[in-house]
1. Can you compute the FRET efficiency between residue 13 and residue 90 using 1/(1 + (r/R0)^6), with r the Cβ-Cβ distance and R0 = 30 Å? Round to the nearest 0.05.
2. Can you list which of the trypsin sites (Lys or Arg not before Pro) found in region 103-163 are DSSP loop residues with at most 10 other C-beta atoms within 10 Å?
3. Got a sec? Which residues in region 1-31 would a label at residue 142 touch, if it sits 7 Å along Cα→Cβ and we count backbone N under 19 Å?
4. Taking all protein chains together and a probe of 1.4 Å, list 3, 147 from the most accessible to the least accessible.
5. Find how much the distance from residue 198 to residue 108 grows on full extension, using 0.36 nm per residue of separation minus their present alpha carbon separation; answer in nm with one decimal.
Amino acid sequence: MTEAILNGITLGFVLAISVGPVIFTIIKQSLTNGPKGGFSFVAGVWLSDIVLVVISNAFSELVSGLLKYKMMIGVVGSVFLFLMGVVYIFFKKVSIATADGEPQRFRKRDVAKIFSSGFLINTLNPNVIIFWLGVATAFSGKFNLFERIIIFSVCIGINIVADALKVILAGRLSKKLTFKTIGTINKISGILLIAFGVALFYGAVILRK
């Protein structure tokens with residue numbers, strides 16, 4: 001029991017400090033769209049992680065089978081990141097958060113769109129799939145089902161708290177931003193997403209050859 005909790009805490013902190021397209025997009029959404037935008041995005045990421053954890057533990061053979069299509073998943077994910085980067089650089093409209101921390105005219109379809117982008121960015125990253133499958137496989141022979149539930153629950157719980165803190169801290173900074181600053185943030189975020197997309201494509205296609 002104690003060992004399971006410690007493994008969950010360790011795994012959670014590894015995820016919390018890991019660097020990838022998700023963390024930059026969390027900060028970007030929180031700065032430009034306020035807490036509502038930030039939480040909409042991370043909620044999509046959380047759902048993706050939960051789905052991948054459940055599938056990796058319950059249907060490890062299925063996930064292993066999906067890894068045969070790692071190149072295809074990597075290409076789709078890299079194209080998605082690249083297109084998001086292009087949108088942020090050239091087409092993203094600049095909005096300013098209102099006094100209560102929410103952007104002007106933030107609609108339900110905006111929430112759904114941001115939520116979906118969080119889910120897709122996480123799910124279409126083959127490295128995330130490999131990570132969860134690898135951890136699930138490593139723990140399957142050492143811990144029983146109840147202990148694995150504890151490990152992954154603690155891990156995801158820590159990750160949720162860490163992401164929430166990132167959203168809150170970035171959301172506070174958003175009140176001090178100007179249109180010019182937000183425009184610059186959009187462009188920087190776009191460049192980073194394109195860079196991650198290129199790196200993902202390189203890892204999935206070029207290195208595989």
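The values are calculated or read from the model by the stated rules, or taken from the named source; none is laboratory data. Computed from a predicted model, the values in this text were never measured in an experiment. Because the Cβ atoms are built from the backbone with ideal geometry, glycine has one as well, and the counts that use them run over all protein chains shown. For accessibility, only protein heavy atoms count, side chains too; no ligands or nucleic acids. Shrake-Rupley method; radii C 1.70, N 1.55, O 1.52, S 1.80 Å.
1. 0.20
2. 105, 107
3. Answer for region 1-31: 1-16.
4. 3, 147
5. Contour length minus Cα-Cα distance gives 29.2 nm.
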